[in-house]
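Working notes, beginning with the structure itself.
The values are calculated or read from the model by the stated rules, or taken from the named source; none is laboratory data. None of the values given here were measured: they were computed from a predicted structure. Cβ placement follows ideal geometry from the backbone for every residue including glycine, while neighbour counts extend to all protein chains displayed.
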Amino acid sequence: MSYLEQIRPPKGLKVLVAAGAPGIGAVIALAFAEMGAQVMICDVDEAALARCSEDQPSIHPVKTDVSDSAAVERMFEQVRSTLGGLDVLVNNAGIAGPTGAIEDLALEDIERTLDINLMSPFANYSPSRAAAASK
C-alpha cells in the first residue's frame, strides 16, 4: 500500500473546518469534500463562505464567530442537524492581531486576538461539545 493510500481519509467522514472559507481552510475543506467527506465550514466572512460553496456545492457553510460561545453552540446544533454528528474538527481559526507599541494598542484588540487564537479552541471546541455534536 502506498503512503498516499495510507493517509487518505475514509469516505463519508463528517468534517467541520473552522475558518474554512478562505485560504488554507478552504483548501482543507475542498480536499475533504473531494475525498467523499460530508463537510461543513464556518467563518465570519460571508462572501468567502458563498465563494467556497459555489466552488464545492456539497460544502455546508455557516457564518460563525468562533470567539462567540453562543454562536459556536448554534453552529454545533447545525453540525448535528446537517451532518448528523462529527468525526473530524479542523480548528483553523486564527487572526494576526494588532501590532505596534504596547501603549498604542487597544485592549479590546488584544482580547479579541486572544479569544480567537487561544481561548476558542479550549472554550468552544471542548471534548464535551465535540462529543455532543457526534450524537
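Of everything in the range 29-52, what is crowded, with 16+ Cβ neighbours inside 10 Å and over 24 Å from LEU114 (Cβ atoms)? Give them in sequence order.
Within the range 29-52, ALA29, LEU30, PHE32, ALA33, ALA37, GLN38, VAL39, MET40, LEU49, CYS52 qualify.
Step by step: first the residues of the range 78-127, then only those that are over 14 Å from the mean Cα position of the chain (by Cα) and of a type in the set (D, E, K, R), then the one that is modelled with the lowest pLDDT. Which residue is that?
ASP115
Does the range 41-67 hold any residues that are aliphatic (A, V, I, L, M), without any contact (Cβ under 8 Å) to a residue 24 or more places away in the chain and within 17 Å of LYS14 (Cα to Cα), and which are they?
To start, the set of residues in the range 41-67 that are aliphatic (A, V, I, L, M) comprises 41, 44, 47-50, 59, 62, 66.
Among the residues that remain, those that are also without any contact (Cβ under 8 Å) to a residue 24 or more places away in the chain are: 44, 47, 50, 62.
Matches in the range 41-67: VAL62 only.
So, in the range 53-85, exactly how many residues are closer than 19 Å to VAL27 by Cα and in contact with a strand residue (DSSP E or B) (Cβ under 6 Å, 6 or more places away or on another chain)?
The number of residues fulfilling the criteria is 6.
Conditions tested, residue by residue: (1) of a type in the set (Phe, Trp, Tyr); (2) surrounded by fewer than 17 Cβ atoms within 10 Å (Cβ to Cβ); (3) at pLDDT 95 or above.
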{"site": "TYR3", "(1), (2), (3)": "yes, yes, no"}
{"site": "VAL62", "(1), (2), (3)": "no, no, yes"}
{"site": "SER69", "(1), (2), (3)": "no, yes, no"}
{"site": "VAL72", "(1), (2), (3)": "no, no, no"}
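May I ask you to say which residue of VAL27, VAL79 is closer than 26 Å to ARG8 by Cα, in contact with a Leu (Cβ under 7 Å, 6 or more places away or on another chain) and assigned to a helix (DSSP H, G or I)?
VAL79
Residue-by-condition table, conditions (1) touching a Ser or Thr at 6+ places or on another chain (Cβ under 9 Å); (2) assigned to a helix (DSSP H, G or I):
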| site | (1), (2) |
| --- | --- |
| GLY36 | no, no |
| VAL62 | yes, no |
| GLU73 | no, yes |
| VAL90 | no, no |
| ALA93 | yes, no |
| ASP109 | no, yes |
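Quick one: in the range 39-60, of everything that is part of a loop (DSSP other than H, G, I, E, B) and β-branched (Val, Ile, Thr), which residue is farthest from GLY84 (Cα to Cα)?
The extreme case among them is VAL44.
So GLY36 passes all but one of these: (1) in contact with a strand residue (DSSP E or B) (Cβ under 7 Å, 6 or more places away or on another chain); (2) at pLDDT 90 or above; (3) of a type outside the set (Ser, Thr, Tyr); (4) over 24 Å from PHE122 (Cα atoms). Which condition number does it fail?
Checking GLY36 against (1) in contact with a strand residue (DSSP E or B) (Cβ under 7 Å, 6 or more places away or on another chain); (2) at pLDDT 90 or above; (3) of a type outside the set (Ser, Thr, Tyr); (4) over 24 Å from PHE122 (Cα atoms), the one that fails is (1).
Which residue out of VAL27, VAL88, VAL44 is touching a Phe, Trp or Tyr at 6+ places or on another chain (Cβ under 8 Å), on the phi < 0 side of the Ramachandran plot and hydrophobic (A, V, I, L, M, F, W, C)? Step through it out loud before you land on a result.
Numbers: VAL27 fails: touching a Phe, Trp or Tyr at 6+ places or on another chain (Cβ under 8 Å); VAL44 fails: touching a Phe, Trp or Tyr at 6+ places or on another chain (Cβ under 8 Å).
Criteria check complete, one pass: VAL88.
VAL15: in contact (Cβ under 8 Å) with a residue 40 or more places away in the chain and either surrounded by fewer than 13 Cβ atoms within 10 Å (Cβ to Cβ) or not in a loop (DSSP other than H, G, I, E, B) (or both), yes or no?
yes
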